[in-house]
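Everything on this sheet refers to the single structure shown next.
Values in this text are rule-based calculations from the coordinates and carry no lab data. These figures come from a predicted structure and were not determined experimentally. With ideal geometry, Cβ positions are generated from the backbone for all residues, glycine too; neighbour counts draw on all protein chains shown.
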Amino acid sequence: MLGDQKIVRDVVGDEGWTSIVRMNIDNNRADDLTGRDALLFYNATTGRAAYVVTTSDKADQTIVRDVVGDKGWTSIVPIHIGRTGRDDLLFYNATTGRAAYVVTTSDKADQTIVRDVVGDKGWTSIVPMNIDTDLGGRTDLLFYNAATGRAAYAVTTNSKADQTIVRDVPGDKGWTSIVPMTIDTDVKADTDLLFYNAASGRAVYSIDTEPGVKELMKGAGEKLGGPKSFLGLPLGNQVEISKAKGQYQSHFRSGTLNIATIGGPPTVNTKDVVNVTLLGIECQIKQEVSDEVYGVVSVFGPSGGSLSTRRFPDSKTLSMGPPGLRIVNLDLPILVQGVVQNYTILATMVENDSGDVDVTAQKISDKIASTVASGIGALTGAPAESVADSESFKEGLVTGVKFLFGDILGVGDDPFNPDSLGLRWEDLQPSSLLPIQPPLQRNDDPRTITGWTHSITLSGRDDGNDLGQYALYFRVDSETISVTPNH
């Protein structure tokens with residue numbers, strides 16, 4: 001239902017209000033009409049404030065100056081600490097960490113300066129909510145710092161809060177809005193929350209579920225294989241529970257785990273999968289009259305411990321360089337239906353004059369596998385991704401292959417410098433893929449490479465100091481597929 005929208009200009013003072021707080025001031029007044037909300041308008045720059053008590057369809061606008069401390073409050077949160085039925089207020093300054101609880105004991109506030117706000121400085125959101133509904137109906141609070149991801153629940157068990165530091169806010173950093181709400185009235189009366197990031201558009205509903213749901217969902221994910229399963233890692237730093245269409249849900253990078261009832265079996269209907277294909281190669285600068293080239297491409301996923309490697313071409317070498325031989329179309333699948341996770345594409349190439357190319361290609365593949373294994377060890381999940389993202393790991397991967405070239409290649413073989421390309425899991429969702437790039441065309445070759453999204457350029461010099469440079473073109477895409485009983 002849409003509202004009857006009327007333009008009005010009876011907001012007190014009009015310009016500059018930094019906070020407008022909905023609250024109940026006149027709970028016991030005879031002229032309080034049908035439970036309408038009163039409002040507090042506040043200007044943090046000037047310290048000016050106005051309480052607007054709703055006594056008719058328009059507000060009774062009264063200028064007041066009884067806001068604690070006057071200037072600089074960044075958050076004003078309506079809460080219940082006192083017993084009058086009127087809203088009490090928490091005033092907070094994120095810069096200084098100063099706080100004041102205003103307990104409403106009469107028409108004006110009993111203003112008390114306090115310093116029991118968890119962590120003092122830097123909270124960007126203070127959200128009133130109910131955690132312990134059995135304790136007197138007083139308001140509990142969630143304190144959150146968007147820059148650090150730090151969070152604290154303050155459970156009000158008496159006039160002061162029992163302040164407990166926690167880290168179970170979904171996604172940790174960057175939430176610009178946290179909205180208390182009720183979703184699952186069939187579960188508990190505790191407050192549910194909507195977390196929203198204005199920069200990325202990401203949103204998470206976090207519901208207070210029945211005891212055991214979170215453990216059950218987490219256990220189901222681990223039973224499927226944890227980070228190595230076809231679902232991959234949770235979207236946040238931990239398993240997040242939501243409820244939709246009568247089902248509990250936990251969203252992972254590659255799919256959603258559903259549980260219809262407490263104790264019921266987990267189900268997955270669809271999953272997102274990633275494909276990486278080497279579409280073709282372009283000779284940008286040839287080393288000799290005609291280059292005989294071959295190489296190895298690997299796609300490494302640290303979270304799930306996956307490694308897919310393919311030699312190109314499948315046997316022998318590619319003749320490239322002269323006019324008409326500047327582009328080769330390959331269409332070689334490197335990764336097929338991989339889990340959504342961070343990936344690294346490592347590309348190597350050799351210009352061959354002598355030696356056994358099959359033996360050399362196999363040694364390159366083995367060296368890549370051993371370097372990855374030694375760098376990551378037994379790690380999986382987020383710790384493995386953290387290691388793989390480090391510059392030392394990336395340098396070690398490339399350097400390891402370079403050292404191998406010095407050991408196995410003959411005098412007449414000329415390796416190109418290997419290079420890598422990182423793919424972030426956020427960019428591998430079907431809705432956030434990089435667009436298809438324009439077809440690659442050259443005046444000296446009739447062929448084209450179409451449908452590509454990423455490229456890696458490899459260059460190197462031979463014994464005569466002749467420069468060669470080649471570009472490898474990839475298509476990176478993902479798709480949503482149905483999940484079979486065997487996944």
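Among 316-325, 342-351, how do they line up by average Cβ neighbours within 10 Å per residue, starting with the highest?
The most tightly packed comes first, giving 342-351, 316-325.
In whole percent, what relative contact order does the range 279-415 give with Cα contacts below 8 Å and a gap of six or more residues?
Over the range 279-415, the number comes to 30 percent.
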Q. Say each of residue 354 and residue 176 gets a label point 7 Å from the Cα, pointing the same way as Cα to Cβ; how far apart are those two points in nm?
A. 6.4
Q: Compute the length gained on full extension between residue 366 and residue 426: take 0.36 nm times their separation in residues and subtract their Cα-Cα distance, giving the result in nm to one decimal.
A: 18.6 nm
Q: Pop out the ³J(HN,Hα) list for the range 375-390 in order, Karplus 6.51 cos²θ - 1.76 cosθ + 1.60 with θ = phi - 60°, rounded to Hz; leave Gly and Pro as x.
A: x, 8, x, 8, 5, 9, x, 4, x, 5, 5, 4, 5, 5, 7, 6
Q. Computed over the Cα atoms of the range 444-484, what is the ratio Rg over Rh, Rh following Kirkwood?
A. 1.25
Q | Gyration tensor over alpha-carbon atoms, the range 272-482, equivalent ellipsoid semi-axes in Å | A | 28, 22, 13
Q. Can you run phi through the Karplus equation (6.51, -1.76, 1.60; θ = phi - 60°) for the range 335-340 and list ³J(HN,Hα) in whole Hz, with x for Gly and Pro?
A. 10, 10, 6, x, 5, 5
Q: Rounded to the nearest 0.05, what FRET efficiency do residue 387 and residue 443 give with R0 = 56 Å and r taken as the Cβ-Cβ distance? Could you check?
A: 0.80
